[in-house]
1. Regarding A:Arg232, is this residue buried (at least 23 other Cβ atoms within 10 Å of the Cβ), more than 29 Å from B:Lys24 (Cα to Cα) and in contact (Cβ under 8 Å) with a residue 24 or more places away in the chain?
2. Of all residues in the range A:50-66, which are within 14 Å of A:Leu112 (Cα to Cα) and over 19 Å from the mean Cα position of the chain (by Cα)?
3. Pull out all pairs, ordered by first then second residue, where Cβ-Cβ is under 7 Å, the residues are six or more apart or on different chains, the first lies in the range A:50-66 and is free of Cβ contacts under 8 Å to residues at least 60 places away in the same chain, and the second is in a loop (DSSP other than H, G, I, E, B).
4. Tally time: how many residues in the range A:212-229 are farther than 19 Å from A:Ile278 by Cβ and crowded, with 17+ Cβ neighbours inside 10 Å?
5. Determine which member of the set B:Gly96, B:Gly105 is buried (at least 23 other Cβ atoms within 10 Å of the Cβ) and farther than 27 Å from B:Glu71 by Cα.
6. Quick check on my filter: what residues within the range B:146-163 are within 14 Å of another protein chain (Cβ to nearest Cβ) and in contact with a Lys or Arg (Cβ under 6 Å, 6 or more places away or on another chain)?
7. Being facing another protein chain (nearest Cβ under 8 Å) and of a type in the set (A, V, I, L, M), is that true of even one residue in the range B:58-77?
8. Return yes or no: is A:Gln202 farther than 21 Å from B:Asp52 by Cα and either at pLDDT 95 or above or within 15 Å of the chain's Cα centre (by Cα) (or both)?
Amino acid sequence: MQFHPRTLIGRLLIAAVAIAGALGSSALAQSDEETEKALEKYRQMLSDPFSNPGYLAVDRGEELWSRKRGANNVSLESCDLGEGPGKLEGAYARLPRFFTDAGKVMDLEQRLLWCMETVQKLDTKDVIARRFSAPGRDSDMEDLVAFIANKSSGRAIELALAHPKEQEAYAVGEAMFFRRSAIMDFSCATCHAEDGKRIRLQALPDLSRPTKAAKETMGSWPTYRVSQAALRTMQHRLWDCYRQMRMPAPDYASDGLTALTVFLAKQAEGATLDVPSIKR
Amino acid sequence: MKGASLLAVLALAAAPALAQPSPKVDPSVVESYVKSTWSKAPPDWQSRVVQDETQRICTQLHNAPPPAEAEKIMARERATIVYPADGKLIGDWQKGERAAQNGRGGQFNDPPDTASGGNCYACHQMAPKEISFGTLGPPLVGYGKLRDFTPEAVKATYEKIYDAQASFACSNMPRFGANKVLTPEQITDLVALLMDKDSPVNK
């Protein structure tokens, strides 16, 4: 296949930046508005399965899901994501959740690693090393998440929080959301606890309580990030937030990030998933 | 005095009213999750994961400390403030503008020794020509003019940037000097951006 979205999108972005630069700082107000308008048009253009590059990840994920791998030489098709072995429809909409076999609350990425290690007997070292894609380096996890989350598109986010461990994860996630730390004293709430605020020109969703913005946010991850030319998962979003908060990089697929995801997803209870989406 | 009270009003206006969380998990449980979430962080970064006393109290009280607790925090934070050796509080506003624009430094993907900026525009409107400003903090357009450029306001501004919680407990604003994000010299440049008559902030 000769279609290279990374290159194509990279060119479009370079063009947009070049235009903004050429206009100079006095014209920035207008050019920012125009850039946003152009990006919105671009988003609309790409937000269908035939042109959103995120769907290339969906296709790769589908292939990975059925590929025989690991010491057991089996596919992931018997992996139970909470709705029963191999049942994908609606599974992502109910994650994170408690898994009896693992004895803990897991998000999709933790669960996929668990299935690779127990069902396939696959050494996940390489999979974890490639947890976030980069130019010339695909990510199995991003592709699998895109494929599996897409099977919940049109479904509503619904977290039962029936198990005590799920309730604990919610409470811990809430506490972490408000926990101030590091050299800037930031918590998630510093930026995401009030409606209508911006950082520079970027609007900030209030994720501290059940809001429309929380629904829109959580209903649109995983997403194809145009600026990164990559499909990104919630694990990546939180990792990048902690970078901006001047915290160290959080461990991939750690229980704290899952707890935070439980809290965030619950603020978006009832939101309709439309994924993978496409964002700036 | 006028400058200081204005600062206090602005600081109060900047504090968002947060919903009170339901306390249903022991803080030690939260801390054990936190510890395991940053288990692979390099040793020299681990201190950022651990809260200092002010962060711990502000988190626990959801940034709304009762007066007695607020006094304790402000007293502790006031004690951290170090003034420039030469006593000059107003530096170079042009350097200040560059620091206000710069959002780099201190992130885990920054090359070591990256000079940190103040990233003031992320949250505040300052020089009118810069339209890419955030709204998490109050607008600072005309800051010095509004305070009649008084020496008291200059000192209060230096202290505010050095440690915002010295005058307003649990402020959302970072303690730039106390946490060594910015040097005293950089802070005097930012004071100049706000308090120099020639600064675009006051034009």
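The values are calculated or read from the model by the stated rules, or taken from the named source; none is laboratory data. As the structure is a prediction and not an experimental result, all values here were calculated from the model. Cβ sites come from the backbone with ideal geometry, for glycine too, and all protein chains shown count toward neighbours.
1. So A:Arg232 fits the description; yes.
2. Narrowing the range A:50-66 to residues within 14 Å of A:Leu112 (Cα to Cα): A:61-62, A:64-66.
Listed by number, the list holds a single entry, A:Ser66.
3. A:Ser66/A:Ser75; A:Ser66/A:Glu77
4. 1
5. Working: B:Gly105 fails: buried (at least 23 other Cβ atoms within 10 Å of the Cβ).
None of the other options fit; the residue is B:Gly96.
6. Scanning the range B:146-163 gives a single hit, B:Asp163.
7. No: zero hits.
8. On the way: farther than 21 Å from B:Asp52 by Cα: yes; either at pLDDT 95 or above or within 15 Å of the chain's Cα centre (by Cα) (or both): no.
No.
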